[in-house]
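Working notes, structure below.
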Amino acid sequence: MDLTNKTVFRYSISLRIITAFSILIIFFTVFILFVFNGLVKEAHIKVALDEMRDKTHFVENYLIAKYNTLDPDKKLLLEEIKQMAGITGLRVSFIAKDGKVIADSDVNTPQSMDNHKYRVEVMQAEKEGSGHSMRYSHTLETDMFYYAQNYDNYILRMAKPLPEMRASLIRIRQIMIYLGAIILLLSIIIVLFIVASITRPINETINFASQFASGDYTKRISNYSNSEIGMIQRSLNNMADQLVEKINSLVFEQNKLNITIESIADGITVINKEKKIVIVNKAFYKCIDVTRIKVSGLLFFEVIRNRTLNLRIEQSLAQAKPSHFEEELINGRTYDVSINPISEERTLQGVLVVLRDVTEKKKIEKIKTDLVSNMSHELKTPVTIIKGYLETIALNLNNTEQCSGYIRKAIENADRQTSIINDIIKLNMIETSNDFANEKIIIDDLIEGCVNILGQKAQLRDIQLNKKLEAMGEGVVGNKFLAEEIFFNLIDNAINYNLPGGEVNIESSISNNNQLTVKINDTGIGIPKESIDRIFERFYRVDKGRSRESGGTGLGLSIVKHAATLLGWKITVRSDSKGSSFRVIIYL
Ligand SMILES: Nc1ncnc2c1ncn2[C@@H]1O[C@H](COP(=O)(O)OP(=O)(O)O)[C@@H](O)[C@H]1O
Ligand SMILES: [Mg+2]
């Protein structure tokens, strides 16, 4: 309800009550005044009549007492009558039964007066004993009130000018009008108060309702009216409380759902039957490579740019059938896609699309299959070679010199086989075992040990091993076996992939007080750029021949990587045509 409607409603309800009551009050006041006016007039006439009757009796008594005759002297009578008029304050007329005026207090020559036989009051008096009338007197030229009383031989008539009577009536009427006006005014004021007391709670209720409707859920009706409206107000307040409670629980549920959807790592979206995206989580944005725009409310094919996925969504929407497949999306990652129809009362409402990133899983699967084929190949090679030598030996048993050469080669390959098997076992152990004890390692001693073992090999290849180690004192906490594997393999590689006359420099330094860095630099052949990321893979070698020649198995750096992960250390590598540099970063 808007403001205009509200005003119209308020005006109309107050106005209607006020108008209705005002009309009623005015009507009743006028009616009462009218009735009162009649009653007052009647009472007034009655009082006047009584007064005249009394005064008539008085005059009659006086005249009879004085004259005791029915034919008194006319002149004398006139004098008496004038005196009576003076005493009573009325006009007195003495009329004979035949209607002739015998004497009149206001007229000196009654014989000049008209016959009064047919005057209304006279006729009425003759008939009923007394009579009265109000009319214009031509004699006195004014309105008069007449009263006539019939006696045995004459009729006595008294008269009073009407204006006199009217004046007192008008005064009474004025007082009545004033009183009426006051009553009217008071009544209207009372009505206004009553209307205000009725409309106030209504207005309060309307204000509350419109504020609530416009979203202010905190407002309530503070004072209940003690009328029926109070019950409505109480119910409205209760309704508002319940609504707020419902809204809060709905908002809570919605938030819970949003948080749940957002916290899921899989990309989730719900597309309605109008093909619009209605729910979408952050992970989904990543899958479809959209970061900025808000996609909910858009058509799904405006957002998802993968033909297969769009086609399958379209099919699921059309046939209400689930769909499950794997697909590489625009961000270059592979997803396990499942599209499930959402139905309500057997009618399709939309589809739920869940995208699970399986890129890593696929990679691991590939690594596993590659590993199996690599391993079998690596293990088969020395055996094949040994078999070849043994067959040659069998054919040349007489040639001892040649045979001893073949036997040496066969033994070399058997050793290589052993090395490969040893490295596989070692790598497997590092990968699967989790009981590598923590112990104190003195890094300098460890490197010293490796240098001692590998010194001879370096000397044979004319490679100089240099050490510049910072005294570590207390040492670090870790596993000795794992640490040894790391340094041995890195120094071994620095010798193996070096050039005659080259150098291997081993340096250590402490930085930031909590980081020990050991650098193993060589002046060797270096690693091609494209291979740097792959050298830690199992059996990966840049140059297989060279690796084999130096007794490598292709597993050394894999062992280094896993051992470092277990110890919480970090290995970095840099390489160019002048040589390679491996860093072992140890967090103290
Ligand atoms: N210091 C280095 N200089 C040049 N190439 C290296 C160096 N260290 C490792 N590589 C390359 O990385 C490959 C993998 O090393 P590794 O896992 O130790 O296996 P292996 O030494 O048994 O061949 C080596 O074959 C070699 O091509
Ligand atoms: Mg190696």
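The values are calculated or read from the model by the stated rules, or taken from the named source; none is laboratory data. Remember, it's a predicted structure, so these values are computed and weren't measured experimentally. Neighbour counts run over all protein chains shown; Cβ positions are idealised from the backbone, glycine included. Each accessible area value is taken on the protein alone, full model and side chains, heavy atoms only, with ligands, DNA and RNA left out. Shrake-Rupley method; radii C 1.70, N 1.55, O 1.52, S 1.80 Å.
Tabulated data for the structure shown
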item: Evaluation of Ile506 against (1) open to solvent by less than 20 Å² (accessible area, probe 1.4 Å); (2) more than 19 Å from Ile443 (Cβ to Cβ) (one fails), failing number; result: (2)
item: Residue satisfying all of: in the stretch 547-556; free of Cβ contacts under 8 Å to residues at least 60 places away in the same chain and not in a loop (DSSP other than H, G, I, E, B); farthest from the chain's Cα centre (by Cα) among these; result: Glu549
item: In the stretch 384-406, the residues that are of a type in the set (Val, Ile, Thr) and either closer than 18 Å to Thr418 by Cα or open to solvent by less than 60 Å² (accessible area, probe 1.4 Å) (or both); result: Thr384, Ile385, Ile386, Thr392, Ile393
item: Lys578 vs. criteria under 21 Å from Ile453 (Cβ atoms), away from ligand 2 (no atom under 16 Å from the Cβ), touching a residue at least 24 places away in the same chain (Cβ under 8 Å) and not acidic (Asp, Glu); result: no
item: Top-ranked residue in the stretch 313-355 [being part of a helix (DSSP H, G or I) and under 20 Å from Gly297 (Cα atoms); ranked as most open to solvent (accessible area, probe 1.4 Å)]; result: Ala318
item: Residues satisfying the stated conditions in the stretch 571-582, i.e. surrounded by fewer than 17 Cβ atoms within 10 Å (Cβ to Cβ) and at pLDDT 95 or above; result: Thr572, Val573, Arg574
item: Given (1) within 60 Å of the chain's Cα centre (by Cα); (2) within 14 Å of ligand 2 (Cβ to nearest atom), number of the condition Gly524 does not satisfy; result: (1)
item: Neighbours by Cβ (under 6 Å, 6+ apart or cross-chain): first from the stretch 198-216, modelled with pLDDT under 90 and among the acidic types (Asp, Glu); second assigned to a helix (DSSP H, G or I) and open to solvent by 70 Å² or more (accessible area, probe 1.4 Å); result: none
item: Positions within the stretch 504-528 being more than 8 Å from ligand 1 (Cβ to nearest atom) and of a type in the set (Gly, Ala, Ser), in sequence order; result: Ser508, Ser509, Ser511
item: All positions within the stretch 58-80 that are modelled with pLDDT of 75 or more, of a type outside the set (A, V, I, L, M, F, W, C) and exposed (fewer than 14 other Cβ atoms within 10 Å of the Cβ); result: Asn61, Lys66, Glu79
item: Of all residues making up the stretch 81-105, the number that are open to solvent by less than 80 Å² (accessible area, probe 1.4 Å) and either in a loop (DSSP other than H, G, I, E, B) or of a type in the set (A, V, I, L, M, F, W, C) (or both); result: 15
item: Positions within the stretch 200-235 being of a type in the set (A, V, I, L, M, F, W, C) and open to solvent by 40 Å² or more (accessible area, probe 1.4 Å), in sequence order; result: Ala209, Ala213, Met231, Ile232
item: Test: residue in the stretch 460-478 that is open to solvent by 70 Å² or more (accessible area, probe 1.4 Å), within 16 Å of ligand 2 (Cβ to nearest atom) and not in a helix (DSSP H, G or I); result: yes
item: One residue from Thr418, Thr432 being open to solvent by 40 Å² or more (accessible area, probe 1.4 Å) and either within 16 Å of ligand 1 (Cβ to nearest atom) or in contact with a Leu (Cβ under 9 Å, 6 or more places away or on another chain) (or both); result: Thr418
item: Criterion violated by Lys368 - all others in (1) open to solvent by less than 70 Å² (accessible area, probe 1.4 Å); (2) within 29 Å of Arg541 (Cβ to Cβ) satisfied; result: (1)
item: Members of the stretch 31-55 found to be without any contact (Cβ under 8 Å) to a residue 60 or more places away in the chain and closer than 23 Å to Leu185 by Cα, listed by number; result: Phe31, Phe34, Val35
item: Which listed residue, of Lys273, Lys282, is assigned by TED's automatic domain parsing to the domain that holds Arg305, open to solvent by 70 Å² or more (accessible area, probe 1.4 Å), modelled with pLDDT under 90 and closer than 30 Å to Gln315 by Cα; result: Lys282
item: Selection within the stretch 257-270 - part of a loop (DSSP other than H, G, I, E, B) and surrounded by 12 or more Cβ atoms within 10 Å (Cβ to Cβ); result: Ile264, Asp266
item: Candidates Gly568, Gly501, Gly551, filtered to the one that is on the phi > 0 side of the Ramachandran plot, near ligand 1 (Cβ under 9 Å from one of its atoms) and either at pLDDT 95 or above or open to solvent by 30 Å² or more (accessible area, probe 1.4 Å) (or both); result: Gly551
item: Residue check for Thr381: of a type in the set (Val, Ile, Thr), touching a Phe, Trp or Tyr at 6+ places or on another chain (Cβ under 8 Å) and surrounded by 14 or more Cβ atoms within 10 Å (Cβ to Cβ); result: no
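Here is a yes/no grid of residues against (1) more than 8 Å from ligand 1 (Cβ to nearest atom); (2) within 23 Å of His377 (Cα to Cα); (3) open to solvent by 20 Å² or more (accessible area, probe 1.4 Å); (4) assigned to a loop (DSSP other than H, G, I, E, B):
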site: Glu530; (1), (2), (3), (4): yes, no, yes, no
site: Arg541; (1), (2), (3), (4): no, yes, yes, yes
site: Ser558; (1), (2), (3), (4): no, yes, no, no
site: Ala564; (1), (2), (3), (4): yes, no, no, no
